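To keep things clear, I will list the structure first and then write my remarks on it.
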Amino acid sequence: MDWFDKVRVSLWLAIQYHNKGTFNMTPKYFINTRIGLKDRLLAITNCYDDYIGIRWTGTNTLCFIMSPTCLTLKINNVIFTNCSSDFLISKPIGFPYAKFERQNPNSDLTDFGLNLGTNKLNNVSFKSKLYPPNVIVSQPIYSIGKELLNVFYENDYVKKNSYDFENGIGKIFVTHDETTYPLEIDEEISFKGDGKKRFFKFNRPTLELQIELLTSKKYNLDLLTNEQKREHKRGIELLIDYTKHQIKTYDY
């Protein structure tokens, strides 16, 4: 999981450098400061095809450039979709999750409101159809949540489902065949499938997931002026429209 964090952030920094001056965005962090910082997920699909090499998609989109939350790599015959975002999988895992995120015009940081966790384990899934069948490996990282409302995490369920409670590192959870379960540190997992060759449109599923991750956020804009609220709405609409256009253009 750490390796995919490094790849995702490295590609984002490379794109920022390649498009220097285009988006007027100055990176404010280094790769080693973004490893294991937020909830993360890896969906793995074995295509059993004859492809040899490496491909990737989802990095040259406005959604990714504005927030590097999701990309897909294909290494030989295996597809890896990697996502990371605040509270990405906390709700289905049963941990405290985001009630809203609030844009603060006087800070580069985002404020969050939290809901209590359900303390019940559900399957991690998305509406977007990701290269099925797949195995989803996910991990809640809640150090930021503990800083916001530590009392929400002080319970047996969260502690039992964590590798390192003090540092906010949850267990890895595995989802496949409509079942989700926690993985112990010394436990192994098999990604062997049924051996059937599968061919997918490579770009569409990842870009559709980027749109889903963007639109699933609940924004609190109380601290913004009316003009800033309109700009925020226009910005979201621009990201969605541009990504939909890319899906139609690169639908292969």
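The values are calculated or read from the model by the stated rules, or taken from the named source; none is laboratory data. Everything numeric here is computed off the predicted structure, so don't read it as measured data. For neighbour counting, all protein chains shown are included, and Cβ atoms are generated from backbone atoms with ideal geometry for every residue, glycine included. The accessibility values were calculated without ligands, DNA or RNA, using every heavy atom of the protein model including side chains. Shrake-Rupley method; radii C 1.70, N 1.55, O 1.52, S 1.80 Å.
Taken over the stretch 64-86, the criterion of being over 23 Å from Lys196 (Cβ atoms), of a type outside the set (Phe, Trp, Tyr) and within 12 Å of the chain's Cα centre (by Cα) is satisfied by Ser67, Pro68, Thr69, Cys70, Leu71, Asn82, Cys83, Ser84, Ser85, Asp86.
Just to be sure before I move on: is Phe152 touching a strand residue (DSSP E or B) at 6+ places or on another chain (Cβ under 7 Å), farther than 24 Å from Met66 by Cβ, among the aromatic types (Phe, Trp, Tyr) and open to solvent by less than 50 Å² (accessible area, probe 1.4 Å) in the structure I sent?
yes
Can Asp194 be described as of a type in the set (Asp, Glu), part of a loop (DSSP other than H, G, I, E, B) and within 22 Å of Lys99 (Cα to Cα)? Walk me through how you get there before you give the answer.
Working: of a type in the set (Asp, Glu): yes; part of a loop (DSSP other than H, G, I, E, B): yes; within 22 Å of Lys99 (Cα to Cα): no.
When the stated conditions are applied, Asp194 does not pass them.
Note on the stretch 49-74: residues that are surrounded by fewer than 18 Cβ atoms within 10 Å (Cβ to Cβ) and either of a type in the set (Lys, Arg) or in a loop (DSSP other than H, G, I, E, B) (or both) total 8.
Annotation: Asp251 fulfils all but one of (1) outside any helix (DSSP H, G or I); (2) open to solvent by 70 Å² or more (accessible area, probe 1.4 Å); (3) closer than 23 Å to Cys83 by Cβ; the unmet one is (2).
Filtering the stretch 218-248 to residues that are open to solvent by 100 Å² or more (accessible area, probe 1.4 Å), over 20 Å from Asn60 (Cβ atoms) and basic (Lys, Arg) leaves Lys218, Arg230, Lys233, Arg234. Of all the residues in the stretch 85-110, those that are open to solvent by 30 Å² or more (accessible area, probe 1.4 Å), in a strand (DSSP E or B) and within 18 Å of Met66 (Cα to Cα) number 3.
Select, from Pro205, Pro182, the only residue that is at pLDDT 90 or above, in a strand (DSSP E or B) and either polar (S, T, N, Q) or open to solvent by less than 90 Å² (accessible area, probe 1.4 Å) (or both).
Details: Pro205 fails: in a strand (DSSP E or B).
The match here is Pro182.
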